[in-house]
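To start, the structure under review is shown below, and the notes come after it.
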Amino acid sequence: MDYLSKLENQSIYIMREAFNKFEKLGMLWSIGKDSSVLLWLARKAFLGHVPIPLVHVDTSYKIPSMIEYRDRLVKEWNLQLIVGGNEAVLKEGRTFPNGKATRVECCGTLKKDALKAVLDKHKFNGVIVGVRRDEEPTRAKERYFSPRDKNMEWNVEDQPPELWDQFKTDFEKDAHIRIHPLLHWTELNIWEYVERENIPLIPLYYANEKGERFRSIGCYPCTFPIKSKASNVREIIEELRCTKTPERAGRAQDKESEDAFEKLRRDGYM
Amino acid sequence: MQQTFSNPTEQLKIVIVGHVDHGKSTFVGRLFNDTGSLPEGKLEQLKLIAERRGVPFEWANLMDALQSERDQNITIDTTQIWFQTKKRQYVIIDAPGHKEFLKNMVTGAANAEAALLLIDANEGVQEQSRRHGYLLNLLGIKQIAVLVNKMDLPNYSQARFDEIEKEYRAFLQSVGVIPKLFIPISAYHGDNIATLSEKMLWYKGPTVLQTLDEEFRVSQPQENLPLRFPIQDVYRFDERRILAGRVEAGSIKVGDKLIFSPTNKTSTVKTIERWNAQQSDSAATGESIGVTLTEQIFVERGAMAALETSPPYELSRFKARLFWLGRNAFKKGKTYKLKLATQEVECEIDTVEKIIDSSTLETITRAGSEVFIGRNEVAELRIRTKRPVAFDAISEIVPTGRFVIVDGFDVSGGGVILDDNYPRRTSDSLHKSDNIFWSHGKVTAQQREGRNNHKGCVVWLTGLSGAGKSTIASELERELFNQGKHVYVLDGDNMRHGLNSDLGFSHKDRTENIRRVGEVAKLFADAGVVVVTAFISPYRSDRDLVRKITPEGRFVEVFVNAPVEVCEQRDPKGLYAKARAGEIKEFTGISAPYEAPEKAELEIHTDKLTVPEAVGRIVEYLKQQDEDLSYSI
Ligand SMILES: Nc1nc2c(ncn2[C@@H]2O[C@H](COP(=O)(O)OP(=O)(O)OP(=O)(O)O)[C@@H](O)[C@H]2O)c(=O)[nH]1
Ligand SMILES: [Mg+2]
C-alpha cells in the first residue's frame, strides 16, 4: 500500500472509532485545506455520508469568500452545519482589529471561548479537529484522542498512553475528547492527497495575479499571504518540496511571545 | 545541504530511546540541522531565546517545545517530527528517557517500525537503557541500532566504545534482541551523524544517516496470513447494513464465506464498499472498508470475521506478557476492561507466573499474599475474561495478538498473547461451551455446597406428557424443602412466559428452549440449589447438551416412564385428544418421536409406583450423592 493510502486508512479508522464511541460528536470545520481534507475523509469513512454535524466557529473576521464556499458545500454535500461565535465580545468590540485586545487575547475570546460555548450548548463530548503534528511543536505532542477537562484545559504533562490504535474512550463526566484524525499527516501530504482525490478548496490557496497566495488561512487581520507563483495544486506541491519556511509563518498570533501558542492550546485552543 | 526531493515513495517511523539525559533530543536536533531539514530561521530563533533567558543553547529545544521541558532540560512527552532523505520520508519520534514518563516512551515506541537507542559514553549502560531495550522487544520492534553518544567526553576513546558495546550487546542478547550495529557519535558536535567523524578514524562507518537509509526497511504486512476483520461498527445509512472495519490480517473478497466470533454465525461477502475509490472486489491488509453480506445475520461491533477454515481462538483465558504503566497497581481480584482490536470485555488476573524488573531482569517476589503488578513492571500471567475473546497468539498474527487494559478511565497496561496450546475451535458451534472458562467470584460452588450440606444439582425429569413429571416435581420440591434443602422447580410455562417468550414450537425453537432451560438450571446448580425441571424434552441430543454443560455428577437425569397408552388415558390437559383430532401437530408420542434416555441416573415407572414412592426414590438417590460431601468452607 502506498504511503498516502496508509495515512488515509489510518484516518478513516480513527473517525470510525470516534463515531462509534461518542454519543454527541461534532467536527470542526474551519473551511481551510485541512478541515476540507478531514471532511473528505469523513465521506470516505462513512461511504459518502457525513453523519456528524460540522461546527464552524465564525469570528466575523473570516474572509468573505470562505463563507460563500462554506454555504455552497453545505448544500451540495448535504451537510449539517452549526455556526458558533462570541457575540458579546464582538458587540463590545473587544477585538484585536478594534485595538482593544492583543492578537492572542482576540484568539482566546473569538475562537477558544466561542468554541467552548458551542460545545457546551450542544453538549458535545467528542470533537473532531483537523490539527497536524507538523504544524507547530505543541501539536507535535498531541494524541489522536486527547482529553480536555471541564474547563477545556489540556494537561499536556500527563497525556494518556496511546498504543496499537487503542484510544482513550473512557473519561470523566463533563470532560470531552478532541479527536485528531489528521495528526500524522504533513502539509505536503495534505496537498498530495488533495491532488490525488481532486478535492475542491477555496481559491485563496492558489497564487493570484499579484503573485501571492495563502498557505494557512485564519482571520484576515492576522493572516498574511506569501509570495508565490504556485497557482495550482501541482505547483504548490513542487513549491512545498523545496520550501524551508514553516507553514504558520503567516500567522501573526503565534509570535507575540515564545510560548504564546502553547498557552493558547493549554487553555483549549485548537 | 539544501536539497530538493523527488517524490518520496515510502515513509519510515523511527523512535529514539534511551536513559534520561543521554542526548536523544540533542541527537534529533543535530540530525535535522546536519541534513538541512530545519525550517528557515529556526536555529537563529532558538539561539536567540537561549540568549534572552541566559541559558546555554541546547539542540534539544527543537524537540522539547513545552516551557516546562525547557525549564528543566528534560523531555516529558513524546514528539514527532518529519524529515526526508533521497530515499524516503522519515517520521522521527523522540521519546522521554525519564522513568517517570515511561508511558510516553511506550506511546512513542508503539508507533515505530525501527529504533535508535542512545547510550551516554560517560555514564554507560543505565537503568532505562536496559528497560527500553526490553520494552522495544515486547512492542515488537526488531530493527534496532545503538548509538554510543557523547563520545567527546571520553576523548573519542575506542576502548570505551568497545566496552559499552560488549556490555549492552550481552544484555540485548539475553532479552532476544539482535541490534543491527553500534555507532559511536557525538550528538552535540555532529560526529558520525550525517558525515563520518575525523576524530574517530578507528570507526569506518556507516554514519547514522547511512544506517537509516540502508539498514532499515519499511515494514510490510505479512502475507498469506488468515483473514482477521474485526467489526468496528454497523452502518445503516440506507436500506443496507454495512459492516465497517479494517482488514487487520490477510485479505477479503466477494464470495468469501465468513464466520463471526463470538456468535459463530456464518454468511458470505456480497460486496466490498468504498467511497470515491477504484471499484474492487477484494481488500488487502490495512484497508478500512465496508462489507455487505448475502444472508442478514446479527453482527455488532466487537465481532471478528474470519474465513470459516481458519478462525481465531475463542477462549476466556489466555497467557500473556504484560507491562503496566498505571499509577495504581494491576491487582488480582479486581476487574478491569480489556480491549483487543474492537472487542471490549471485563477481565481479571487469573494467575501470575512471574513478575520481572524489566531493567535488571530479576524476578520480583512480593512480601505478603497480595498479588499485583506495579507500575513499570512486566509480568507473565494468565488473564481471565468474563466472556470469550477472539484472539491469536502474537507469534501468529500481531494485530489480534495484543491488547490493552483499562483501569477506570485510563489505558494502564498493554500485553501480548503468548503461545499456549490453545484448543482450536470446531465448526460445531454448540460445542463452543467446552472452551469457555467459568468466571469465578470469591465464593466457590464447593464452599456453597459445604455450607448447605447438600450438593447443587439439576434433577432433569423427562418423559411423555402425562407421565407425571410435574406432579413429581412439585412433590419433590416440597419434600426437599421440608428437609431443609435449597430447592426450586423450573416450570415450563413460566420459562415460556419470560425468558423464552420469543420461542415457538418448531424443532429448532424447542431445542433452543431446552438449551436455555439447561443454562439457567446450570446456574442454579452452581448457586448450590437442587433445581428440578419438568420438560418433555424428547430429544436425546438436547438433554445430553445440558448434561455436558453441567459439572460432573451434578446432572441427574430421571426418566419418568409410563406407557403412552397409560398417559393417553390420564390425559390431564386433554392434549392427547386434541392431537388425535389433528388439532396439535407434532405431538410427542403421537405424531412426533420421544427418544428415551439410554443412560438415565434413575428410571421411575409411574404406572407401577405411587407418587410418594417415586419421590422417595429420587430423595434417596440424592442423599447417596451427598454422602461424599466433606468440604470445608
Ligand atoms: N558533551 C556532550 N553533551 C551532549 C551530547 N549530546 C547531548 N549532550 C548534552 O546532554 C544533555 C542532555 O541532552 P538531551 O538531548 O536533552 O537528552 P535526552 O536524552 O533527550 O533527555 P530526556 O529526553 O530528558 O531523557 C544536554 O545538556 C546536551 O547538551 C554530546 O554529544 N556531547
Ligand atoms: Mg529528550
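The values are calculated or read from the model by the stated rules, or taken from the named source; none is laboratory data. Given the structure is predicted, the values throughout are model-derived calculations rather than measurements. Reconstructed Cβ throughout: ideal geometry from the backbone, glycine too, with neighbour counts over all protein chains shown.
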Failed item in (1) surrounded by 17 or more Cβ atoms within 10 Å (Cβ to Cβ); (2) of a type in the set (Val, Ile, Thr); (3) closer than 22 Å to B:Ile405 by Cα, with B:Ile364 passing the rest: (1)
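Residue-by-condition table, conditions (1) more than 30 Å from B:Gly245 (Cβ to Cβ); (2) surrounded by 17 or more Cβ atoms within 10 Å (Cβ to Cβ):
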{"site": "B:Ala306", "(1), (2)": "no, yes"}
{"site": "B:Glu346", "(1), (2)": "no, no"}
{"site": "B:Asp357", "(1), (2)": "yes, yes"}
{"site": "B:Gly368", "(1), (2)": "yes, no"}
Looking across the stretch B:75-103 at residues that are within 16 Å of ligand 2 (Cβ to nearest atom) and away from chain A (no Cβ under 11 Å), the single one that is surrounded by the most Cβ atoms within 10 Å (Cβ to Cβ) is B:Gly97
Spot the failing condition for B:Val269; the list is (1) surrounded by fewer than 20 Cβ atoms within 10 Å (Cβ to Cβ); (2) away from chain A (no Cβ under 14 Å), and only one is missed. (1)
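Across the stretch A:147-181, what is the total count of residues that are more than 7 Å from chain B (Cβ to nearest Cβ) and closer than 29 Å to B:Gln45 by Cα?
Here is the first cut: in the stretch A:147-181, the ones more than 7 Å from chain B (Cβ to nearest Cβ) are A:147-155, A:158, A:165, A:167, A:169, A:173-181.
Next cut, closer than 29 Å to B:Gln45 by Cα only: A:153-155, A:158, A:180.
The number of residues fulfilling the criteria is 5.
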Only one of (1) over 23 Å from B:Gly108 (Cα atoms); (2) part of a loop (DSSP other than H, G, I, E, B) does not apply to A:Pro160, and that is (1)
A:Glu17: buried (at least 20 other Cβ atoms within 10 Å of the Cβ), within 14 Å of another protein chain (Cβ to nearest Cβ) and under 20 Å from A:Glu192 (Cα atoms), yes or no? no
Residue count, the stretch B:356-392 (criterion: in contact (Cβ under 8 Å) with a residue 40 or more places away in the chain and either closer than 15 Å to B:Arg228 by Cβ or in contact with a strand residue (DSSP E or B) (Cβ under 8 Å, 6 or more places away or on another chain) (or both)): 23
Does B:Phe27 satisfy the condition of being away from every other protein chain (no Cβ under 12 Å), without any contact (Cβ under 8 Å) to a residue 60 or more places away in the chain and within 15 Å of ligand 1 (Cβ to nearest atom)? no
Just name the residue that is surrounded by the most Cβ atoms within 10 Å (Cβ to Cβ) out of those in the stretch B:131-168 that are among the basic types (Lys, Arg) and at pLDDT 95 or above. B:Lys150
Taking the condition of being more than 12 Å from chain B (Cβ to nearest Cβ) and in contact with a strand residue (DSSP E or B) (Cβ under 9 Å, 6 or more places away or on another chain), how many residues in the stretch A:23-54 meet it? 15
Evaluate the stretch B:61-80: report whether one residue or more is more than 12 Å from ligand 1 (Cβ to nearest atom), out of contact with any Gly (no Cβ under 9 Å at 6 or more places or on another chain) and modelled with pLDDT of 85 or more. no
Of all helices (runs of 4 or more DSSP H) fully inside the stretch B:1-94, the set with 3 or more residues that are closer than 27 Å to B:Val218 by Cβ and assigned by TED's automatic domain parsing to the domain that holds B:Lys150 is B:24-34
Could you say which residue among B:Glu627, B:Glu620 is closer than 18 Å to B:Ser474 by Cα, in a helix (DSSP H, G or I) and without any contact (Cβ under 8 Å) to a residue 12 or more places away in the chain? B:Glu620
Being modelled with pLDDT under 90, among the hydrophobic types (A, V, I, L, M, F, W, C) and at negative phi is the requirement here; does B:Phe409 meet it? no
Determine if the stretch B:299-308 includes at least one residue that is more than 22 Å from the chain's Cα centre (by Cα) and over 30 Å from B:Glu353 (Cβ atoms). no
Within the bounds of the stretch B:41-50, is there any residue that is hydrophobic (A, V, I, L, M, F, W, C), more than 24 Å from A:Glu247 (Cα to Cα), modelled with pLDDT under 90 and more than 15 Å from ligand 2 (Cβ to nearest atom)? no
Could you identify the single residue in B:Ala110, B:Ala115 that is buried (at least 16 other Cβ atoms within 10 Å of the Cβ), away from ligand 2 (no atom under 16 Å from the Cβ), in contact (Cβ under 8 Å) with a residue 60 or more places away in the chain and under 35 Å from the mean Cα position of the chain (by Cα)? B:Ala110
Do the conditions hold for B:Lys522, that is, is it part of a helix (DSSP H, G or I) and modelled with pLDDT under 90? no
If you check B:Val125 against the conditions, is it more than 16 Å from ligand 1 (Cβ to nearest atom) and not in a helix (DSSP H, G or I)? no
